[in-house]
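Below is one structure, written out as structure tokens, with a few remarks after it.
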Amino acid sequence: MNNSVGNAGRLLWAGLRALLVLTVVTGVLYPLAVTGLAQVAFDDKANGSEIKADGRVVGSELIGQTYSLPLEEGQETAAPDLKWFQPRPSNGLGSNSVNTQYKLILSGATNRSGDNEDLIRWVTDAKAAVVKDNSTADHKVRPEDVPAEAVTSSGSGLDPHISPEYAELQVPRVAEQNNLDAKRVEKLVADHTDGRILGFIGEPRVNVLQLNIALKALVTKG
């Protein structure tokens, strides 16, 4: 009997010691080591890939933002501020999206099939809005010129990028709204177009936040 109790006690004490050691190693030392390595080797990414402008953090290069006018009384969705380059739709093209206005509580898109009547209506309405908003007195946008990401949200609803084609489609409107020469705005888009990763992964893309920061600097400079 005494031997059984003693053996049980030794096993229990050995288990507690193992638990304590593993807790310290895996719950304290390892996280501290990984965090320290990340801060030294990947400081920018470890801290959320923050983007700064005018000495303050204005966002993350990984998360999209909206550029809208103040919400007016009776409006459910704020109208886009046409002075700025616009991102992909952030409301899932409908009220069913778990992510609206690039909020980070949840992410996700519409999860509707391509032949869903609601989705077809949302995309049709979104395309008409893109054509209307981006047509100017000297430049008319054709429906067939509107790229897919201009009228669909991304799978996460948080994508901060648009295609160079969508950015270029917005150039005449942005130039007109800001009293800038269109050639200067075109160069701005070209300068902020990232190529494929390693030359073959993914597609060329434009980070809308970084592009709009550069646009603000251009407008201020005049």
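Descriptive notes on the structure:
- Pairs are defined by a Cβ separation below 7 Å, a sequence spacing of at least 6 or placement on different chains, a first member in the stretch 24-40 that is modelled with pLDDT under 90, and a second member that is part of a helix (DSSP H, G or I); the pairs so defined are A38/A46; Q39/A46.
- Scanning the stretch 50-69 for residues that are at pLDDT 85 or above, over 10 Å from the mean Cα position of the chain (by Cα) and assigned to a loop (DSSP other than H, G, I, E, B) yields Y67, L69.
- For the stretch 26-35, the criterion of a residue being over 30 Å from S60 (Cβ atoms) and either assigned to a helix (DSSP H, G or I) or not assigned by TED's automatic domain parsing to the domain that holds S60 (or both) is satisfied by no position.
The values are calculated or read from the model by the stated rules, or taken from the named source; none is laboratory data. Not measured: the values here are computed from a predicted model. Here Cβ is always computed from backbone atoms with ideal geometry, including for glycine, and neighbour counts include all displayed protein chains.
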